[in-house]
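Engineer: I'd like to ask you about the structure that follows.
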Amino acid sequence: MIADSHCHAWRRWPYDKAVPDPDHRGSIEALLYEMDTHGVSRASVVCARIGDGAGGDGFGNEDNNEYVANFARKHPDRITAWVDADCVWRKDHHAPGAAARLRKEISENDARGFTHYVGGENDGWMLSDEGREFFATASELKVVASMAISPAWLPDLQIIAAENPTLPILLHHMAMPENTGSGHNPIAVQKILDAAKQPNIGVKISGFNYNNSKKFDFPYSQSQVLFKAIYEAYGPRRLFWASDFPASRDMLTYTQAIEVVRTHCQYLHEDDLARLLGDNLNDLLNNPVLTNKQFH
């Protein structure tokens, strides 16, 4: 089976008000169409309450958690909502009361996970009392933590992961280390590889376009080098393929998002490819708790 660990859906397009189809371009119906067309059985939809100048210059989506959660209730076998919790575009980002807000969003939306976007610079919040309570609450709720963070945050995240060993933590888009144009910053890459020491940290294998200096240059030779290093460090059980649809649609198609891995990563063993493309996420969605120091 194929399962998508990172995609989006919005009631109205959040990035540009000039598009001719703002009510359809990012809709859940458009996502389901792509899933059906490409044989994708399940998807975790990363909620993002963006738009109207906050995280995007298009239409506002203050209700994105509810929008996605409603469709998850209608399609429980296909759609899983990972709700926006205190992301960087929110006024309450890293403000007091984060744990209570997380609990509220998870409860009201019957969510199986949450996403948390932060700024590029580490502000120290994760290791504050508020940050530690936030992640301890996530662990108590038995949800997945979907984290949009740069390598600068990873040493702190390793500490959080060690303090909450049953909390599955997934890094967005191969953690997006700085690309100097000729390749990735080796110090940043090493931080990503070091994070593999914590067995409850996994990586979403997506964003090949973001991680390449030439974002149009399929199949993204620089990103392939990064992915191979991540594959060797994390092993096959902690990697989760993702499309990033529809945010990535101006750079690559849904087909390309699959084939960049399925066709162009010849070093992947057949069984490992199956795990990466869907088995790992399916297992995690069925049981979002870590046991025996590996994803199940």
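Engineer: Anything in segment 138-169 that is touching a His at 6+ places or on another chain (Cβ under 8 Å) and in a strand (DSSP E or B)? List them, or say none.
Structural biologist: Result: Ala145, Ser146, Met147, Ala148.
Engineer: Only residues in segment 166-192 that are crowded, with 20+ Cβ neighbours inside 10 Å count as the first member; pair them with residues that are basic (Lys, Arg) and not in a helix (DSSP H, G or I), Cβ under 7 angstrom, at least 6 apart or cross-chain, and list the lot.
Structural biologist: Between residues of segment 166-192 that are crowded, with 20+ Cβ neighbours inside 10 Å and residues that are basic (Lys, Arg) and not in a helix (DSSP H, G or I), the close pairs are Leu170/Lys204; Leu171/Lys204; His172/Lys204; His173/Lys204.
Engineer: Also: What is the one condition in (1) among the small types (Gly, Ala, Ser); (2) over 18 Å from Gly202 (Cβ atoms); (3) part of a helix (DSSP H, G or I) that Gly120 does not satisfy?
Structural biologist: Checking Gly120 against (1) among the small types (Gly, Ala, Ser); (2) over 18 Å from Gly202 (Cβ atoms); (3) part of a helix (DSSP H, G or I), the one that fails is (3).
Engineer: Could I ask something else about it? Among Ala81, Ala99, Ala85, which is the only one that is surrounded by fewer than 23 Cβ atoms within 10 Å (Cβ to Cβ), modelled with pLDDT of 95 or more and farther than 13 Å from Ile50 by Cβ?
Structural biologist: Just a single option satisfies the conditions, and that option is Ala99.
Engineer: So, one more: Does any residue of segment 218-226 turn out to be in contact with a Gly (Cβ under 9 Å, 6 or more places away or on another chain), part of a loop (DSSP other than H, G, I, E, B) and either modelled with pLDDT of 95 or more or farther than 19 Å from Ser146 by Cα (or both)?
Structural biologist: no
Engineer: Got a sec? Which of Arg101, Arg78, Arg11, Arg25 is among the basic types (Lys, Arg) and under 19 Å from Gly119 (Cβ atoms)?
Structural biologist: Arg101
Engineer: Inspect all residues belonging to segment 53-75 and state whether any of them is part of a strand (DSSP E or B) and buried (at least 23 other Cβ atoms within 10 Å of the Cβ).
Structural biologist: Within segment 53-75 (the criterion being part of a strand (DSSP E or B) and buried (at least 23 other Cβ atoms within 10 Å of the Cβ)), the answer is no, since none of the residues qualifies.
Engineer: Still on this structure, please answer the following. Considering segment 140-165 alone, what residues qualify as being buried (at least 22 other Cβ atoms within 10 Å of the Cβ) and either on the phi > 0 side of the Ramachandran plot or over 17 Å from the mean Cα position of the chain (by Cα) (or both)?
Structural biologist: Within segment 140-165, just Ile160 meets the criteria.
Engineer: Just to be sure I understand, how many residues within segment 106-117 are surrounded by 21 or more Cβ atoms within 10 Å (Cβ to Cβ) and either in contact with a Lys or Arg (Cβ under 8 Å, 6 or more places away or on another chain) or assigned to a helix (DSSP H, G or I) (or both)?
Structural biologist: 1
The values are calculated or read from the model by the stated rules, or taken from the named source; none is laboratory data. Please read these numbers as outputs of a predicted model, since none were measured by experiment. Because the Cβ atoms are built from the backbone with ideal geometry, glycine has one as well, and the counts that use them run over all protein chains shown.
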